[in-house]
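The structure under discussion appears below in the form of structure tokens.
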Amino acid sequence: MKKPGSVQGQPFVIDNCNDCTLLVLDHCAQAQIDNVSNSKIFIGASSDSVFVRNCSNCTFTVACGQLRTRDCQNCTFNLYCKTEPVIETSLNMKFGPFNGAYPGHRGDLLDAELGGEDVSDVNDDKWQNVFDFNDPSKTGEKNWRLLRPDEQQGLWCPLGKAELCIISSSNDVVVATERQKLATEERNAVVDDYSFEEPQTHTTFANEEDQKKEGTVFHKIKAIVSGGWSIMWTAVCSVQEFCLGLFFKAYQPINKMLATEE
């Protein structure tokens, strides 16, 4: 444990730990967390980036300016983040809202410039906007997902009873999940803008008889239209032939006259 006032905005490193509970209860600059497994980690307020690499089966409570993970698996993040969390070559990652508190946490958040003057303001909290470098479709939920409300963990107060400074609405997870689902549906529904084909419509029939009637009517209409075009085409050809005949008849006397003069 690093108690409040023991780090004072300095960079921090956690490395090669297994089956541990690791607490940084102060504001720090950049934090690096490498090669940690089966552990719980609390980073109270990082003004810079928190890098998590080669970690597995861990639970994190982190408030930071930026979160980046690489080569991790089976990790859960209870997160406050001012920018989009980024994962890379990682599997089975889960994200939920921040859930940590300790006496003096509000001051540490302000010192780390997280949340502005009112650290309870979650407008800048982008914990749910995860970006996955290894999901070409960018549809989400391939290597990560959001925690459901019933999966969210309770308040973690390692120094005893304390007030939660970062408050996320209980609807945030639902809204974020629905937003993610909607974005996925919109991506899957993208239509080729260069296609000139009319959209196909499908008619639902109550029974086979109605479908047969619809088909019969369609074929009758098709036959009438086809017959109409045939009649029209025949008429056009007849008019064309008649006009050509008149032209040649008128041309013959002129042709004979020219031949006599020669």
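Just so you know, all these numbers are worked out from the coordinates, no wet-lab data involved. Remember, predicted model here, so these are calculated numbers, not experimental data. As a convention, Cβ positions derive from the backbone with ideal geometry for all residues, glycine included, and neighbour counts pool all protein chains shown.
3J(HN,Hα) along the stretch 84-89, derived from phi through the Karplus expression 6.51 cos²θ - 1.76 cosθ + 1.60 where θ = phi - 60°, amounts to 5, x, 10, 10, 8, 6 Hz, with x in place of Gly and Pro. Each peptide in 22-31, 82-91 gets a packing score, the mean of other Cβ atoms within 10 Å over its residues, and the list from highest to lowest is 22-31, 82-91. Please compare each pair in Lys40/Lys82; Lys2/Lys126; Lys82/Lys161 to a cut-off of 24 Å on the Cα-Cα distance and tell me which ones are over it. Pairs exceeding 24 Å: Lys2/Lys126; Lys82/Lys161.
Can you find, among Pro11, Thr21, Ser56, the residue sitting farthest towards the positive end of the charge dipole of the stretch 7-77, where Lys and Arg contribute +1 and Asp and Glu -1 at Cβ? Toward the positive end, the furthest listed residue is Ser56. The slack in the chain from Asn74 to Asn129, taken as 0.36 nm per residue of separation less the alpha-carbon distance, amounts to 17.9 nm. Relative to the current alpha-carbon distance between Asp150 and Leu164, full extension at 0.36 nm per residue lengthens the span by 3.1 nm. So the label point goes 7 Å from the Cα of Asp15 along Cα→C-beta, right? Which residues of the stretch 71-112 then have their backbone N under 19 Å from it? Label zone hits: 71-72. According to the square roots a ≥ b ≥ c of the eigenvalues of the Cα gyration tensor, what is the shape class of the stretch 52-110, taking rounded for a/c under 1.5, prolate for a/b larger than b/c otherwise, and oblate for the remainder? Prolate, since a/c reaches 1.5 and a/b exceeds b/c. Once the C-beta distance of Gln8 and Asp48 is scaled by a Förster radius of 22 Å, the resulting FRET efficiency is 0.95 to the nearest 0.05. Rounded, prolate or oblate for the stretch 1-117? Axes are the square roots of the Cα gyration tensor eigenvalues, ordered a ≥ b ≥ c, and the cut-off for rounded is a/c under 1.5. Since a/c reaches 1.5 and a/b is larger than b/c, the shape of the stretch 1-117 is classed as prolate.
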